[in-house]
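Working notes for the structure below.
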Amino acid sequence: MFKNILVANRGEIACRIIRTAQDMGIETHAIFHHADRNAPHVALADLCHEVESEVPVAAYLDIDQILKIAKNAEIESIHPGYGFLSENHIFAQRVEEEGINFIGPTGASMTLLGDKIRSREVAIKADVPVSASAEYLDDEQAFVEECRKIGYPLLLKASAGGGGKGMQIVNSPGELGEKIQLSRGEAERYFGDNRIYAETYISKPRHIEVQILGDGNGDVIHLFERECSIQRRFQKIIEESPAPNLDTSLREKICVSACELAKSLNYRNAGTVEFIVSEDNQYYFLEMNTRLQVEHPVTELVCDLDLVREQLLIAANGKLSHSQNEIIQRGHAIESRICCEDPNNNFAPATGKVQSCHLPSIENTRYDIGFSEGQEITSDFDSMIGKLICYGTDRNAAIQKSIESAGKMHILGIDTNLNFLLAIFRSEAFSEGLLHTGFISENQDALTNSSIYEENKDIAAIVATMEDPEVRHFMKNSSNLHRSIGSWRN
Ligand code: ADP
């Protein structure tokens, strides 16, 4: 196993990787920008290195500085986490050129799969279902004709896309010209690459993805599926495993397709093959993500595996440590993304100081958190500051656990979406498990007007009062107050 590891990331994922590496006896190195000097990943790592840059986010993207740090510290392996450099093939290649192990796939796999148009070609070759599509090749007339053949509505996507950027739904031929401009403009702005393509728009679809692990020599296993249909603006908010109400034979087919695709590339390390599933149970390849996903913990809980540990073992030993028949999906896990935003103000990003944070210790509840009390949350980084992951013997138990844990945890000093998540968990529509990607927009009014906001206003006020030093002192000496607040909250 490696003597040390450098985690080229920050926030909850850096903390999560560092913990597993430490459990495995590996010396951990963190990088940080000055703005993050008090961040938990810095405190947690055995050693930390500052990356200088005017803009905080640019520090975590600075390949030259990160490699210099790695060489000076004689680093043997680098884990990129998700986001930042995790899907940058140049970074992966340069890490390996330095003789350092990149915990992820080869740069070549990343190049191919990071391009949505090329990755669809890979899927077609591997006999994985893809929906009808057409590439925009600077001849607008020809493209209009190809779109007519696909039929409306259709979806324009950026080939280099991610995070829903560059996506435009086109309902009729009359809208096409304007939407092409919008999509290409956004693709150029975000990715410096204006190539776009059109594909069939599937109404009320589910997003179902499969976690795979590959050894780089054609041995690939899957760790079953995750349902990620609870989304807002094409971005996931709640993920779960197994996918509810999914036909067993469809589950099996989707998992086999994911493995076939990965096998066709001799894929190495962890990856996720994403699919869109139509109401009539047809499934189509969306893309393959060549990294650890935000939502990987739900797979860890139902498969009883540590995915970061598996990634490190693959990188160190060049082989998988489990065969397919050893992977069993048991129980049900749900993850919710905790974001600093105001659900009652169109999810405007929130900033401020985390004055206090209460994460109650509850059985079958895991918090993957990347902030600490007193930390300033700024707009320098993504608004997602952590994740709540709950496990139950079945879906209903996992929902009840999510309601209990989200209801009892408190983050004060900054707006979060915790009440919005609670409103989803308490809704009948969610508990029925009839999910599709339009779930939030369809239920938006009920979710933002839920009584939970009023109920928890009082709780927030009481917890805020409890944080007051004078009240704390009083409470220490008065078991009655503590008791009365406790029972009132349950
Ligand atoms: P990105 O890489 O930008 O996140 P994806 O291709 O992964 O884009 O798709 C993100 C989300 O967009 C999906 O989870 C789904 O909600 C929606 N989506 C993507 N393709 C389609 C489609 N063909 N029809 C309907 N919705 C789609």
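State the percent of C-alpha pairs, over all pairs in segment 28-82, separated by a distance greater than 17 angstrom. Mind showing how you got there, number by number?
Numbers: 475 of 1485 pairs.
Distances greater than 17 Å cover 32 percent of the Cα pairs.
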Margin query: How large is log10 of I(q)/I(0) for segment 69-159 at q = 0.16, 0.19, 0.24, 0.26 Å⁻¹ when the intensity is taken from the Debye formula with one equal scatterer per alpha-carbon?
Written below: -0.77, -0.91, -1.17, -1.27
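Under a Cβ-only charge scheme (Lys and Arg +1, Asp and Glu -1), can you give me the dipole magnitude of the chain about the Cα centre, in debye to the nearest 20?
So the magnitude is around 600 debye.
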Notebook entry, point to check: Taking the Cα centre of the chain as the origin and placing charges on Cβ (Lys, Arg +1; Asp, Glu -1), which of Ile180, Ile377, Ala406 is farthest toward the positive end of the dipole?
Noted result: Ala406
Check: What ³J(HN,Hα) values, in whole Hz, does the Karplus curve 6.51 cos²θ - 1.76 cosθ + 1.60 give for segment 244-260 when θ = phi - 60°, with x put for Gly and Pro?
Finding: x, 6, 9, 4, 4, 6, 5, 4, 4, 5, 5, 5, 5, 4, 4, 5, 4
Check: How large is the helix-only mean residue ellipticity at 222 nm for the chain, computed as the sum of -39500 (n - 2.57) over DSSP H runs with n ≥ 4, divided by its residue count, in deg cm²/dmol to the nearest 500?
Finding: -12000 deg cm²/dmol
Notebook entry, point to check: Just for the Cα atoms in segment 132-200, what are the lengths along the principal axes, largest first, rounded to whole Å?
Noted result: 28, 21, 20
Next item on the list: For segment 206-454, list log₁₀ I(q)/I(0) at each q in 0.16 Å⁻¹, using the Debye formula over Cα point scatterers of equal strength and ignoring solvent, two decimals each.
Entry: -1.19
Check: Simple spin-label model, 7 Å along Cα-to-Cβ: Leu182 to Lys204 in nm?
Finding: 2.4 nm
Next item on the list: Output the antiparallel fraction of DSSP beta bridges having both residues in segment 4-103, as a percent to the nearest 5.
Entry: 0 percent
Item checked: Set of aspartates and glutamates with alpha-carbon distance to Lys165 below 13 Å, sequence-local pairs under 8 removed -> Glu186, Glu188, Asp193
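Efficiency by 1/(1 + (r/R0)^6): what FRET value for Asp280 and Ala132, r their Cβ-Cβ distance, R0 = 22 Å, to the nearest 0.05? Walk me through the intermediate numbers first.
Details: r = 15 Å, r/R0 = 0.70.
After rounding to 0.05, the efficiency reads 0.90.
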Check: Efficiency by 1/(1 + (r/R0)^6): what FRET value for Ala142 and Arg189, r their Cβ-Cβ distance, R0 = 30 Å, to the nearest 0.05?
Finding: 0.75
Check: So how far, in whole Å, is the C-alpha centre of segment 9-40 from the one of segment 62-138?
Finding: 21 Å
Margin query: Just to be sure I follow: if Rg is taken over the C-alpha atoms of segment 1-133 and Rh is the Kirkwood radius over the same atoms, what is Rg/Rh?
Written below: 1.05
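If we count trypsin sites (Lys or Arg not before Pro) as exposed when they sit in a DSSP loop and have at most 11 other beta carbons within 10 Å, what is the longest stretch of the chain that avoids them all?
On the way: sites that count: Lys3, Arg37, Arg233, Lys319.
My reading of the result: 38-232 is the longest stretch.
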Notebook entry, point to check: Once label points are set 7 Å from the Cα along Cα→Cβ at both Thr248 and Glu121, what is their separation, rounded to one decimal in nm?
Noted result: 4.0 nm
Notebook entry, point to check: Which percent of the Cα-Cα distances in the chain go past 38 Å?
Noted result: 26 percent
Next item on the list: Kindly write out, for segment 414-430 in residue order, the coupling ³J(HN,Hα) from the Karplus curve 6.51 cos²θ - 1.76 cosθ + 1.60 (θ = phi - 60°), rounded to whole Hz, with x marking Gly and Pro.
Entry: 8, 5, 10, 8, 4, 5, 5, 4, 4, 4, 5, 4, 7, 7, 5, 4, 6
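Since every read-out is calculated from the coordinates, none of them should be taken as a lab result. Since the model is a prediction, treat every value here as computed from it, not as a measurement. Note that we place each Cβ from the backbone using ideal geometry, even for glycine, and neighbour counts take in every protein chain shown.
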